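Below is one structure, written out as structure tokens; the observations come after it.
The values are calculated or read from the model by the stated rules, or taken from the named source; none is laboratory data. Remember, predicted model here, so these are calculated numbers, not experimental data. Here Cβ is always computed from backbone atoms with ideal geometry, including for glycine, and neighbour counts include all displayed protein chains. Ligands, DNA and RNA are stripped out before the accessible areas are found, and what is left, the full protein with its side chains, is counted by its heavy atoms. Shrake-Rupley method; radii C 1.70, N 1.55, O 1.52, S 1.80 Å.
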Amino acid sequence: MSDRLWWKHGVVYQIYPRSFMDGNGDGVGDLAGIRARLDHLAWLGIDAIWLSPIFPSPMADFGYDVSDYCDIDPVFGQLAEFDALLAEAHARGIRVMIDWVPNHTSDQHAWFRESRADRTNPKRNWYVWRDHKADGELPNNWVAMFGGPAWHPDPATGQLYLRSFLVEQPDLNWRNPEVERAMHGVLRFWLDRGVDGFRIDVIHRIAKDPAMRDNPPSERPGPGWGGQLHVYDENHLDIHDFLRRIRAVLDEYDERAAVGEVGLAPAQVASYLGRGDELHLAFNFAFLLEPWDCEAFGRELALFDASVPPESWPDIVFSNHDIPRHATRWDHPQLGEARARAAAVILLAARGTPFLYFGEELGMRNGEVPPERRRDPLAWTLHPNASRDGERTPMQWSASAGAGFTHGDPWLPLAADWLTRNVEAQRADRTSILWLYRDLLALRRRTPALERGSFRLVPAPGGVLAWERRHDRSRALVAVNFGDAAQSPGLPAAAVRDGVWTRAGEPLPSDAAQLALGPCEAAVLAVDV
Ligand code: GLC
């Protein structure tokens, strides 16, 4: 299909580079490692990869603190290695998105070093500096998402700088046109190299209230992030102008795309798509917060579908590097595996671009990371339980030492189940969740209704979620039994031509009306119109 757009009709796979594959035995994943594993991704059938940050960084926030936007951190490789990865991915038909972090730099970035050098430095206004109030108080009541006040004192110049996350991550001043120009230059640097697009970090924070008013208290007032309504420190309307200009840069090139991390409610998230002239995609994070619940899933699918403007396209995310893996969040003593399989059906049969987090195709759970091995700074700036290390444990490739991830000492411990839950073991088992993902990806690609069709919930008995997808003469029916008892979804009568279900090794019914699902089973049926 010539009008197939990779970011719209394809599936994106997120790689957390530190944890995917270590090519040089230092225990940390790298670009050479990713190159060596491209065949796994090609075999799986994804269309694009997104690499979490690979740029030079002191790693205070593991790469989300960038000290040079136009190079590669030595822990991951060099630019030549990146070019080779890009070429080899493209040779397999895999697009490459990189992570662009526009809201803040590292405090070790040359721009910030200059900015903090003295009050008259030409780069002073590249960041947000303020004086204490006359009474010695902070400029306003804003707080950092990662703990503490948003204002950090800089004794050398006697002023405070704004930071939305760690102290080591000062916020850039996007209201300074020089910053905007420089950041567009960063985009062009990578676009010229051939990257296919960007995942944009916390885009809803790049512009704040110019008057810097205090945020009002939330219903649960308190000193932390949740104690305030974030009215003035994020989501300023001017962001849409910045986004239209970012989009214009991308549109100078063919078929490039941006997906934004917008940490807001679904309708606000959808507003970042503009009229097809801002982001190409904005992450739908609704499922990161929902329990395994039929009604909640139906509501969220319908809500985002309705919120996304007609010129744009939805997407769906269950896991990423910031939140416990969904197989852990939705785990269950008996039905955990079944739920993980059903989740694969939902992710790949909903309307919108699916984003898969590495290891999701194995049903990977969070790893146990004991306190002395914790690496994520949130464990000490916020709370030991806030650590995101559990969802960042290494990819499980095989049952050999280091799980096939490294010959050295892995930077985070392997999850407990690596000996049995790994790519090698699951490839040898036709009934594994890995094969289910592969079968679903292949079905999606050969079924226009699944890749690009409309979405409509269809009536189903309690505890069953069912929907229809349609595109021209292609039609698919999807049913998911969320409950712990067998159910007949009662789908409309229609001859089944093709399909995949979570019950491995058994034929599909010949008519959709006959479909019967066991506890937490799910099916996608391509049917006659
Ligand atoms: C985003 C990233 C997260 C990072 C934060 C600050 O939320 O996904 O990992 O810590 O931004 O850059």
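Structure notes:
- Within segment 23-57, being within 16 Å of the ligand (Cβ to nearest atom), farther than 20 Å from Glu391 by Cβ and under 19 Å from the mean Cα position of the chain (by Cα) holds for one residue alone: Phe55.
- For Asp233: the one exception among (1) over 23 Å from the mean Cα position of the chain (by Cα); (2) charged (D, E, K, R); (3) within 16 Å of the ligand (Cβ to nearest atom): (1)
- Looking across segment 257-267, the residues that are open to solvent by 30 Å² or more (accessible area, probe 1.4 Å), away from the ligand (no atom under 14 Å from the Cβ) and touching a residue at least 40 places away in the same chain (Cβ under 8 Å) come down to Pro266, Ala267.
- Helices (runs of 4 or more DSSP H) wholly inside segment 277-374 that include at least 2 residues being closer than 30 Å to Phe165 by Cα and out of contact with any strand residue (DSSP E or B) (no Cβ under 9 Å at 6 or more places or on another chain): 294-307, 326-329
- Members of segment 126-157 that are within 16 Å of the ligand (Cβ to nearest atom), more than 26 Å from Arg181 (Cβ to Cβ) and not in a strand (DSSP E or B): Trp142, Ala144, Met145, Phe146, Gly147, Gly148
- Number of residues in segment 179-201 that are open to solvent by 10 Å² or more (accessible area, probe 1.4 Å) and within 16 Å of the ligand (Cβ to nearest atom): the value is 1.
- Condition broken by Ala479, with the remaining ones in (1) under 25 Å from Arg445 (Cα atoms); (2) more than 31 Å from the chain's Cα centre (by Cα) satisfied: (2)
- Every condition in (1) away from the ligand (no atom under 16 Å from the Cβ); (2) within 23 Å of Pro210 (Cβ to Cβ); (3) of a type in the set (A, V, I, L, M) holds for Leu86 except the one numbered (2).
- Verdict on Gly77 being over 21 Å from the mean Cα position of the chain (by Cα) and surrounded by 18 or more Cβ atoms within 10 Å (Cβ to Cβ): yes
Table: residues versus (1) closer than 22 Å to Val480 by Cβ; (2) within 17 Å of the chain's Cα centre (by Cα).
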{"residue": "Ile346", "(1), (2)": "yes, yes"}
{"residue": "Phe355", "(1), (2)": "yes, yes"}
{"residue": "Arg374", "(1), (2)": "no, no"}
{"residue": "Leu378", "(1), (2)": "no, no"}
{"residue": "His383", "(1), (2)": "no, no"}
{"residue": "Arg392", "(1), (2)": "no, yes"}
{"residue": "Ala399", "(1), (2)": "no, no"}
{"residue": "Ala403", "(1), (2)": "no, no"}
{"residue": "His407", "(1), (2)": "no, no"}
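- Only residues that are away from the ligand (no atom under 16 Å from the Cβ), more than 13 Å from Ile346 (Cα to Cα) and open to solvent by less than 10 Å² (accessible area, probe 1.4 Å) were counted in segment 313-326, giving 1.
- Count of segment 19-36 residues which are of a type in the set (Gly, Ala, Ser) and part of a loop (DSSP other than H, G, I, E, B): 4
- Within segment 369-385, being surrounded by 11 or more Cβ atoms within 10 Å (Cβ to Cβ), acidic (Asp, Glu) and without any contact (Cβ under 8 Å) to a residue 40 or more places away in the chain holds for no residue.
- Those strands (runs of 3 or more DSSP E) of segment 158-268 in which 1 or more residues are touching a Ser or Thr at 6+ places or on another chain (Cβ under 9 Å) and within 13 Å of Trp142 (Cβ to Cβ) occupy 159-162.
- Yes/no for Ser115 being over 20 Å from Leu191 (Cα atoms), in the same structural domain as Met183 (by TED's automatic domain parsing) and hydroxyl-bearing (Ser, Thr, Tyr): no
- Failed item, numbered, when Ala60 is tested on (1) out of contact with any Asp or Glu (no Cβ under 7 Å at 6 or more places or on another chain); (2) touching a residue at least 60 places away in the same chain (Cβ under 8 Å); (3) within 14 Å of the ligand (Cβ to nearest atom); (4) open to solvent by 10 Å² or more (accessible area, probe 1.4 Å): (1)
- All positions within segment 135-145 that are surrounded by fewer than 19 Cβ atoms within 10 Å (Cβ to Cβ) and out of contact with any strand residue (DSSP E or B) (no Cβ under 8 Å at 6 or more places or on another chain): Asp135, Gly136, Glu137
- Residue check for Pro139: under 30 Å from Asp254 (Cβ atoms) and touching a residue at least 12 places away in the same chain (Cβ under 8 Å): no
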